[in-house]
1. Would you confirm, using the coordinates I've provided, whether S127 is of a type in the set (S, T, Y), farther than 25 Å from I19 by Cα, modelled with pLDDT of 90 or more and open to solvent by less than 20 Å² (accessible area, probe 1.4 Å)?
2. Across segment 10-33, which residue is modelled with the highest pLDDT among those that are among the charged types (D, E, K, R) and open to solvent by 60 Å² or more (accessible area, probe 1.4 Å)?
3. Of everything in segment 7-51, what is of a type in the set (S, T, N, Q) and in contact with a helix residue (DSSP H, G or I) (Cβ under 8 Å, 6 or more places away or on another chain)? Give them in sequence order.
4. Which condition number does I87 fail, the rest of (1) under 21 Å from L141 (Cβ atoms); (2) open to solvent by 10 Å² or more (accessible area, probe 1.4 Å); (3) in a helix (DSSP H, G or I); (4) not charged (D, E, K, R) being met?
5. For S92, all conditions in the list (1) open to solvent by less than 60 Å² (accessible area, probe 1.4 Å); (2) not in a helix (DSSP H, G or I) hold save one; what is the number of the exception?
6. Can you confirm whether segment 36-44 contains a residue that is modelled with pLDDT under 85 and loosely packed, with under 13 Cβ neighbours inside 10 Å?
7. Hey, does segment 50-68 have a residue that's over 21 Å from V110 (Cα atoms) and open to solvent by 30 Å² or more (accessible area, probe 1.4 Å)?
Amino acid sequence: MTDYIIQLLETVHIPHELILFIISMLPIVELRGALIAAPILDVGFWQALIICIIGNIIPVPFIIFLARPVFSWLKKRKLFAKITDKIESKVSKKADKIMKNTALGLFLFVAIPMPGTGAWTGSLVASLFNMRLKYALPSILLGVVVAGIIVSLGAYGVVEIFEYIL
């Protein structure tokens with residue numbers, strides 16, 4: 001999916017940094033997909049990491065504030081009621097594990113670079129469980145940073161990262 005997005009955005013001659021920024025804002029792909037694309041687009045480690053963290057964290061407050069009202073509105077629509085219930089059910093299953101330690105659990109959930117985890121899902125969990133933004137946002141931000149570092153280790157390679165640092 002990331003390859004397709006890169007090809008699409010490159011056809012309109014968008015700068016590579018902006019491509020990473022856009023990819024990191026998208027659900028499912030998020031920071032993880034963008035950081036995998038960064039070396040392909042020849043964007044440096046630190047620049048890519050910072051761009052992707054910022055891009056991935058921008059939607060978080062909007063998701064936290066808007067998820068509940070949007071879900072409530074969608075539930076009242078016959079066409080979307082089943083989809084909304086299914087999403088809430090999936091998020092609730094993951095949320096049970098997360099909410100045992102609330103902020104710490106949310107951080108760990110977002111930090112682990114696995115399918116179905118990340119800033120978008122973490123924000124949905126925080127919203128559906130009425131977690132306040134002042135607790136949710138730092139947990140999600142720290143989780144995004146840790147996930148970014150973990151994914152970068154794979155995308156850029158451990159040896160290349162030490163070359164950037166040293």
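The values are calculated or read from the model by the stated rules, or taken from the named source; none is laboratory data. Bear in mind that the values here come from a model prediction, so they are computed numbers and not experimental data. Here Cβ is always computed from backbone atoms with ideal geometry, including for glycine, and neighbour counts include all displayed protein chains. Ligands, DNA and RNA are excluded from the accessible area calculation, which covers all protein heavy atoms including side chains. Shrake-Rupley method; radii C 1.70, N 1.55, O 1.52, S 1.80 Å.
1. Details: of a type in the set (S, T, Y): yes; farther than 25 Å from I19 by Cα: yes; modelled with pLDDT of 90 or more: no; open to solvent by less than 20 Å² (accessible area, probe 1.4 Å): yes.
Answer is no for this residue.
2. Narrowing segment 10-33 to residues among the charged types (D, E, K, R): 10, 17, 30, 32.
The next check asks that each one be open to solvent by 60 Å² or more (accessible area, probe 1.4 Å); those that pass are 10, 17.
Numbers: E10: 70, E17: 94.
Filtering first and then ranking leaves E17.
3. Let us first name the residues in segment 7-51 that are of a type in the set (S, T, N, Q), namely 7, 11, 24, 47.
Selection gives S24, Q47.
4. (1)
5. Here S92 meets the rest and fails (2).
6. Residues of segment 36-44 modelled with pLDDT under 85: none.
No, every residue in segment 36-44 fails to be modelled with pLDDT under 85 and loosely packed, with under 13 Cβ neighbours inside 10 Å.
7. First, the residues of segment 50-68 that are over 21 Å from V110 (Cα atoms): none.
Looking for residues that are over 21 Å from V110 (Cα atoms) and open to solvent by 30 Å² or more (accessible area, probe 1.4 Å), one finds none in segment 50-68, hence no.
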